[in-house]
Each structure stands twice: as C-alpha cells, then as structure tokens.
Amino acid sequence: MSVATAPDSPAAFEWRRWPETESVVNELVDQALSGNGFAARLAERMIPETGTIIQNWLDHLVVSAPPSFGSRLVGLGFERQTATYAVGTALYSHPGAIFPRIAHAPAAGGATAVKDLAIKVDSAAAFSGAHNLGLKLQGHPLGPYRFARVPGDATDLVVVERRGYLGYEAFPGEPARQGLMKPHAARDALAARDLWRARKRRFDDDAEGFDAAEALVDDVIDLAGSRDLACHLIFEVEREYWQSRNRAAQVQKARQDRLGLGWANHDHHTFRCSRRFFPRVMGIFQKLGFELRERFHAGEHAGWGAQVLEHPTTGIVIFADLDLAARDVAASAFRLALPDLPRPGTVGLWVALHGESILEAGMHHLEAQFEFDALRDGLKAEAGVETMAPFSDFPFLRQAFTAGERWRVAPHRADRALAEGWISADQREKFVRDGTIGSHLENLQRREGYKGFNQQAVSAIIAATDPRLH
C-alpha cells in the first residue's frame, strides 16, 4: 500500500466567528469607499452585476492611524507580521478568519484614514480595459505582484494581481532576492502553465495517469522556478478545465469578467478522489506546498471523509473527499490506499462514472464567495441557471449548489460499475443514454470571518447528489 507523507493527525482547527472584527473591517471599507468615487460606484455595481460584494475581493487595506491602532488590531485577532508593508508601516494578518491584511502607517494625529483599498483580480490589465481606465500597470507581466492605482479624493483603489507571492514590491528588490524575477520569467511561466494545460488526462489505467501527473508536477515546478508559482498556474488551469464543462461557471465567469475581476473570489476547490488513489492525490498537492488543515470523518453512517488543505502563499484551499466506511480508521484512512467498497458511496460512484478529479473528470465544483441571494437571483434572471436548496443556511455560512451539470458517461465506465454490482442494468442504460450529474458551481456566503465548513450540511448534500438518485 502506498503511504503519503502526511502525519496521522493534523493540527486541530477550531474556526471561530469574529463579528466585532468584521464590523471594524466593514467600517474601514465604508470609509474607503466614501473617499473614492470610482470604488464606490464599482461596489454598487458588483451586487446586481456579479452577485458579489466588495468584501469578497479584498486583498489588503493601508490605514493611517495612531499607534494604538496596532494594539486594537491585535485585540481583534490580527497578528503582527515579521515582514512589513513598507519602511515604518507594520503589517497585520488574521490567522483564524477570512479578513484582508491590514498595513498600519503611524499617524501623528488622532484620526484614522484609509489610504489604500486593495482588491484582488486575475488581471489588472483586464480590469483597466473593462472600465476604460487606461491605467498604468506597475510590475512585470506574469510577475509575482502587479498592480494599478485608481486615485480618489482621500483613498486610492489599488487593483492587485498576485502569483505565488505575499509581498508588496512589484519591481526587483525582495522578489529578485527570492529568485522570482529571473530573465524570461514571463516566458517560463507561460510555458509552465501550458505544460499542465496540454497534459493528457484520460488513461486506460489510472495508475499510469498518476505516474504522468506526478512527473509533470515536477516539470512545472522546475520551469516555473518555484512551487508557489507552479501552484498558482496549475490551479488557474484546473479552474479553466472545470469551467469548460460547467455552464453555470461559464455564465458567472462572464459576469465577473465584465467588471474585469476573474475568479479571484474563489474560496475552495473540491476534488473527488477514489479510495485507491487518495494518498497519491495528497502527494501531488503536498508537492505543490499545500499544508493540511481540518480533516473530516463524518461518522460510520455518512460514508465519506475529506481532507482540507491550504496553500500558505497562494491562499488556495482544497476540499478533497473520498468514500469512507464504518470500519475505516480515520487516521490511517487518509494515508493508505484503500480497496474499493462492495457498494461505493456518492463520491466513489462519481469517480467510477466520471474519473478522478485530478485526471479526466476535473473538479466536482468550485466554491467562490458571493452575496447568496444576489447570485441566485442573478444567475436565474440572466441565464435561467437554477440553484438547489441551501445545504447550509446560517447567518455566518450559506451554501448551495447550482443545478448539476449533466455529463455523459463512457460505456466502459458504466460497464465496469454494472459488473461490480454498483449500479443496476437500468441505471447503466440511463447513465450512458442521458448522462448523470458531473459538476456544480457553489454559491457561498461567509460572514464574521468564518473560515470553516459545516460537516453535517456537507453530509446532506453529498447524499442528495448520489447519481443513483438522479
């Protein structure tokens, strides 16, 4: 049996809600919008046109405030970073929640003023073009940090694109010292991305597919020059591939692109995995620099488990799920290649019918951060895209899938599932003739900085999307 390098028990994650912190951040955002007319108009357009709010896109805030402001941030759960935003400007991040980083520039007086409101986008150039701004872009194409400024009366809107870099220097300096500004870096990044985009995904033997994927990850890292940039590029391609197979994603991406935003509001990427190859999927992700977060083993009757991973530099989050039986020991089940179940659960059957997410199938869904009701209503009005009933409906966490995208099922996959006794002959004929649900876009609304997941709700939606029920 293959064994991943992950420890048996990742650190405990108890995600709290931070209502007071959210209130302070929202006050800062409101102040920033009042000081920049373009940013205020953009924020107004986001809700009806994209189903998002500007808080879904925040990268960082630069705040001029008295020295006591830093202590206040610490009291709200932020931690001062060893790195700084600039000389004399401290940087704070919140490790326990989803809030933007805040740079604190000391002010002599008693007033607090937001100097920069920075939003993240896929392309600062696309943003400038979408709004006919003609912005001057700072930083190299496909570089680690690129930005443009839209000046306001009191606050600048800063449009930021990042590629595997957490700093704030767009030109040689810190990026050069980190080896991120090599000659021909943009050419190499394009070539690395195309390696992953051009890869073979369908194999007669999935083991051969994993051999090829693992080798190609090494090549992408070598060509990109860092695993952080390689991670950014690979997941850009994975979103692109998933989007090519999901109409709701295509509609929503077009809506967000009309404002020049792209998919920079992504929350997490869900990969469905077989029991046999789960350790190899984990190995690929860890090679790219992902770290383990919380782990779910939903109980003996739920039939599933999941490992959450987060990348410390890109911020990309993965929800990787698999079938787990009552007899599976939670710790070892996430490290060992496990045999097929006599009757697979929802995840195992999905993989059997469509393939591994990391190979042929692509992601089961992308979950991005939205304003829940606005996205649901906007997709329905604009393109007739239906949304399923919410499976989480709390003040701090709302989640729902769009109606499932139906994919055709290859006859050889349906034949194997029938031969193994996983589906009936009638189901086999229906799956081959009509297909079955393959993917979704997930509508997610978070409040109070809540960073976690609702295990009971996930169990309910996994059960509800079993192909045998549709």
Exercise. Output the number of the condition that residue 256 fails; it satisfies all remaining conditions of (1) open to solvent by less than 40 Å² (accessible area, probe 1.4 Å); (2) within 15 Å of the chain's Cα centre (by Cα); (3) under 23 Å from residue 124 (Cβ atoms); (4) not aliphatic (A, V, I, L, M).
Key: (2)
Exercise. Taking residue 418 as meeting all but one of (1) among the aliphatic types (A, V, I, L, M); (2) at pLDDT 95 or above; (3) assigned to a helix (DSSP H, G or I); (4) open to solvent by less than 10 Å² (accessible area, probe 1.4 Å), write down the number of the exception.
Key: (4)
Quiz item: Which of the residues belonging to the stretch 202-223 are of a type outside the set (Asp, Glu) and closer than 24 Å to residue 163 by Cβ?
Solution: 213, 215, 216, 217, 220, 221, 223
Self-check item: Conditions (1) in contact (Cβ under 8 Å) with a residue 60 or more places away in the chain; (2) in a helix (DSSP H, G or I); (3) not acidic (Asp, Glu): number failed by residue 428
Solution: (1)
Exercise. Report those helices (runs of 4 or more DSSP H) wholly inside the stretch 134-247 carrying at least 3 residues which are of a type in the set (Asp, Glu) and at pLDDT 95 or above.
Key: 206-224, 227-244
Practice problem: Considering each of 368, 361, 410 in turn, give the residue that is open to solvent by less than 30 Å² (accessible area, probe 1.4 Å) and without any contact (Cβ under 8 Å) to a residue 40 or more places away in the chain. | Solution: 410
Quiz item: When you look at residue 74, is it β-branched (Val, Ile, Thr), at pLDDT 95 or above and not in a strand (DSSP E or B), yes or no?
Solution: yes
Quiz item: Taking the stretch 293-320, which residues are touching a helix residue (DSSP H, G or I) at 6+ places or on another chain (Cβ under 8 Å), modelled with pLDDT of 95 or more and hydrophobic (A, V, I, L, M, F, W, C)?
Solution: 309, 316, 318, 320
Exercise. Could you list all residues from the stretch 25-63 that are hydroxyl-bearing (Ser, Thr, Tyr) and in a helix (DSSP H, G or I)?
Key: 34, 50
Quiz item: Residues of the stretch 221-244 being among the hydrophobic types (A, V, I, L, M, F, W, C) and either open to solvent by less than 40 Å² (accessible area, probe 1.4 Å) or under 14 Å from residue 357 (Cα atoms) (or both), which ones?
Solution: 221, 224, 229, 230, 231, 233, 234, 235, 237, 242
Practice problem: Can you tell me which residue among 373, 393, 323, 377 is buried (at least 21 other Cβ atoms within 10 Å of the Cβ), at pLDDT 90 or above and more than 20 Å from the chain's Cα centre (by Cα)? | Solution: 323
Quiz prompt | Any chance residue 251 is β-branched (Val, Ile, Thr) and in contact with an Asp or Glu (Cβ under 7 Å, 6 or more places away or on another chain) | solution = yes
Quiz item: Quick one: in the stretch 208-220, which of the residues that are in contact (Cβ under 8 Å) with a residue 24 or more places away in the chain and either open to solvent by 30 Å² or more (accessible area, probe 1.4 Å) or small (Gly, Ala, Ser) (or both) is nearest to residue 361 (Cα to Cα)?
Solution: 209
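The values are calculated or read from the model by the stated rules, or taken from the named source; none is laboratory data. Note that the structure is a prediction, hence the values are computed from the model and not measured. Note that each Cβ is placed from the backbone with ideal geometry, even for glycine, and that neighbours are counted across all protein chains shown. Just so you know, the surface numbers come from the protein's heavy atoms only, side chains and all, with ligands and any DNA or RNA stripped out. Shrake-Rupley method; radii C 1.70, N 1.55, O 1.52, S 1.80 Å.
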